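Since the structure comes first, as C-alpha cells, the remarks are kept for the end.
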Amino acid sequence: AVVSTQSTGDMIQVLVHNNVICSMGHSTANIDQAEAGVNAGATFITHLFNAMQPFHHRDPGIVGILSSTKIKRKCYYGIIADGLHTHPAALRIAHRTNAQCAVLVTDAMAAMGLGDGSHCIGSQSVTVAGKKAVISGTDTLAGSVVTMNSCVENFMRNSGCTLVEAVNCATKHPAELLKCSDLYGTLDFGTAADFVIIDSDVNVLATFIGGDCVYKSTNFVGFLD
C-alpha cells in the first residue's frame, strides 16, 4: 500500500479484516501518514530506504516508523542487504534502531545465478555485471542477483550483529510477520524440518526440506557421508 490518503487507511483496515498482510513502501508518505498506516493495520515496510521519502530530521517519513512511539503494533521492515541497494551505514542505523523487526530481502530477479550478460524482467532488458543488475543502457537498479546467504553475510558484517541475529532476520522474523511461526522460522518441536547447514562464512553446505536432504555441496563433509 502506498500510504498517502485516508482512503488508503480505510483500505488497509478492510484488507487486514480479510487476513491480508499489508506493507507500506515505495511512497512519499510522511511520518504522520506512515503511523496512520500502521495503526490501520499495516505490519511491514517494503524495501526500507529505497523509493521512499528520504529521512529528514523534521519529517523522517516511513523510515521514522522504526523508532515511532505512536504506533499500536509491531511493524517489521524489509531491507535489501546486497551491498548496493542500501549503504552499510544505513544498515547499521536500521539494525541499531530496531533489530527485532529486521527482515532480510534479496530483491533478486530471474538472472540470479546465471552470471553476467543480458537478461530480462518481463519486457525490460536487464544487464548484469558482477553483483549489479541494471536496466540496460541506464544506471537504474533492476532488482538484484544476490542470494539470501549473501544477504545474511553482508548484514552480519556491515551491521556488526551476530550470526544468530542475522539468521533470525532471514528466518524467524519473516515467519513472525507472515503469521506462520508455528511451522516455520525455527527448529522447535512440531515445526517443519526445513533448514540449511552453513559454514562460518555463511556458505550453504546442505539444504533440507521436510527433513530430506535436497542439496549437498561437494565441500560438505558431515553426517550425511
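The values are calculated or read from the model by the stated rules, or taken from the named source; none is laboratory data. Please read these numbers as outputs of a predicted model, since none were measured by experiment. Cβ placement follows ideal geometry from the backbone for every residue including glycine, while neighbour counts extend to all protein chains displayed. Ligands, DNA and RNA are excluded from the accessible area calculation, which covers all protein heavy atoms including side chains. Shrake-Rupley method; radii C 1.70, N 1.55, O 1.52, S 1.80 Å.
Summary of computed values
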item: Out of VAL16, VAL20, sole residue that is β-branched (Val, Ile, Thr) and assigned to a helix (DSSP H, G or I); result: VAL16
item: Count of residues meeting criterion [open to solvent by 10 Å² or more (accessible area, probe 1.4 Å), part of a loop (DSSP other than H, G, I, E, B) and farther than 16 Å from ALA40 by Cβ] in region 59-81; result: 3
item: Flag if VAL38 is at pLDDT below 90 and under 22 Å from the mean Cα position of the chain (by Cα); result: no
item: Test: ALA94 is open to solvent by less than 10 Å² (accessible area, probe 1.4 Å), more than 21 Å from CYS151 (Cα to Cα) and either assigned to a loop (DSSP other than H, G, I, E, B) or modelled with pLDDT of 95 or more (or both); result: no
item: Hits in region 107-117 - residues which are in contact (Cβ under 8 Å) with a residue 12 or more places away in the chain and out of contact with any strand residue (DSSP E or B) (no Cβ under 6 Å at 6 or more places or on another chain); result: MET112, GLY113, LEU114, GLY115
item: Some residue of region 202-212 being open to solvent by less than 60 Å² (accessible area, probe 1.4 Å), in a helix (DSSP H, G or I) and closer than 27 Å to ALA111 by Cα; result: no
item: Identity of the residue in region 182-201, open to solvent by less than 60 Å² (accessible area, probe 1.4 Å) and hydroxyl-bearing (Ser, Thr, Tyr), that ends up farthest from ASN154 (Cα to Cα); result: THR191
item: Condition broken by GLN33, with the remaining ones in (1) part of a helix (DSSP H, G or I); (2) under 13 Å from the mean Cα position of the chain (by Cα) satisfied; result: (2)
item: Residue that is surrounded by fewer than 13 Cβ atoms within 10 Å (Cβ to Cβ) and touching a residue at least 12 places away in the same chain (Cβ under 8 Å), where the choices are LYS172, LYS132, LYS179; result: LYS179
item: The listed residue being among the hydroxyl-bearing types (Ser, Thr, Tyr) and either in contact (Cβ under 8 Å) with a residue 40 or more places away in the chain or assigned to a strand (DSSP E or B) (or both), out of THR86, THR127; result: THR127
item: Search result, residues across region 40-58 that are under 19 Å from THR86 (Cα atoms) and either of a type in the set (Val, Ile, Thr) or not in a loop (DSSP other than H, G, I, E, B) (or both); result: PHE44, ILE45, THR46
item: Set HIS56, HIS26: member being open to solvent by 20 Å² or more (accessible area, probe 1.4 Å) and under 15 Å from ILE79 (Cβ atoms); result: HIS26
